[in-house]
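One structure is given here, and the rest of the page talks about it.
The values are calculated or read from the model by the stated rules, or taken from the named source; none is laboratory data. Values in this document were obtained by computation on a predicted structure and should not be read as measured data. Note that we place each Cβ from the backbone using ideal geometry, even for glycine, and neighbour counts take in every protein chain shown.
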């Protein structure tokens, strides 16, 4: 087998593994690495006004957002430690949480995506099943997944976890969409993106028919907007960090963008 064939097979297998994990597969092995890294992203929800949990207490819509902070931070640390074993300069560029239609706690899949200046052709991913803790690590060509360029996640503005983001989306159109569309699935992404190039939780509702509703929640200010940037719900009470300018630098070298 030629070197080119080896690379093709490796990329195909890596992409297949992550696809299986995103579909809820429990592939992988349970991690024995319980050490924590120096990751300092702030999952605390104390600085922003949390929505009042309503509905089924066995659903994420009725869960107290701060109750998952420890677990989310642990998973992020595991992913970060593993990414640094791949490349010492690896930085977080994207987070996704895929949820079932039931929105039951501890039933989704988390995926952490890292980039490195030392490898400008691949994204490194760490996918973990919330119910079992089993994980899959994979290296995927950038052009096959998320594109060639992503800005690193600015953790200074990551002050809201995905449960609080979901609850804000639910109270601003998401719950109504789900009530009209049975078996709606929800996927939540954290990334630097338009509008404004800020850090956003993107809450994507997909009905069985294919119809979608997408809402963006700012994890620093609590503002909810649609994809065009139009305000759906205003920002929460001003906090020390929310008064800062979130606009990213004007070029890739200043913003830390990772590109090919």
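Quick test for you: out of 172, 156, pick the one residue that is more than 21 Å from residue 102 (Cα to Cα), surrounded by fewer than 23 Cβ atoms within 10 Å (Cβ to Cβ) and modelled with pLDDT of 95 or more.
156
Which of the numbered conditions does residue 74 fail, given that it passes all the others? Conditions: (1) surrounded by fewer than 20 Cβ atoms within 10 Å (Cβ to Cβ); (2) within 19 Å of the chain's Cα centre (by Cα); (3) at pLDDT 95 or above; (4) over 23 Å from residue 187 (Cα atoms).
(4)
Yes or no, residue by residue, for (1) over 12 Å from the mean Cα position of the chain (by Cα); (2) assigned to a helix (DSSP H, G or I):
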residue: 153; (1), (2): no, no
residue: 165; (1), (2): no, yes
residue: 173; (1), (2): yes, yes
residue: 179; (1), (2): yes, yes
residue: 183; (1), (2): yes, no
residue: 189; (1), (2): no, no
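Please go through segment 81-108 and pick out each residue that is over 17 Å from residue 161 (Cα atoms) and under 15 Å from the mean Cα position of the chain (by Cα).
91
For residue 138, are the conditions met, namely being farther than 24 Å from residue 214 by Cβ and crowded, with 18+ Cβ neighbours inside 10 Å?
Yes; evaluated as a whole, the condition is true for this residue.
How many of the residues making up segment 145-165 are more than 28 Å from residue 106 (Cα to Cα) and in contact with a helix residue (DSSP H, G or I) (Cβ under 6 Å, 6 or more places away or on another chain)?
2
Residues being in contact (Cβ under 8 Å) with a residue 24 or more places away in the chain and surrounded by 15 or more Cβ atoms within 10 Å (Cβ to Cβ): count how many of those fall in segment 54-63.
4
Return yes or no: is residue 144 surrounded by fewer than 18 Cβ atoms within 10 Å (Cβ to Cβ) and free of Cβ contacts under 8 Å to residues at least 40 places away in the same chain?
No.
Identify, by number, the condition in (1) at negative phi; (2) in contact with a helix residue (DSSP H, G or I) (Cβ under 9 Å, 6 or more places away or on another chain) that residue 106 doesn't meet.
If we test residue 106 against (1) at negative phi; (2) in contact with a helix residue (DSSP H, G or I) (Cβ under 9 Å, 6 or more places away or on another chain), just (1) comes out false.
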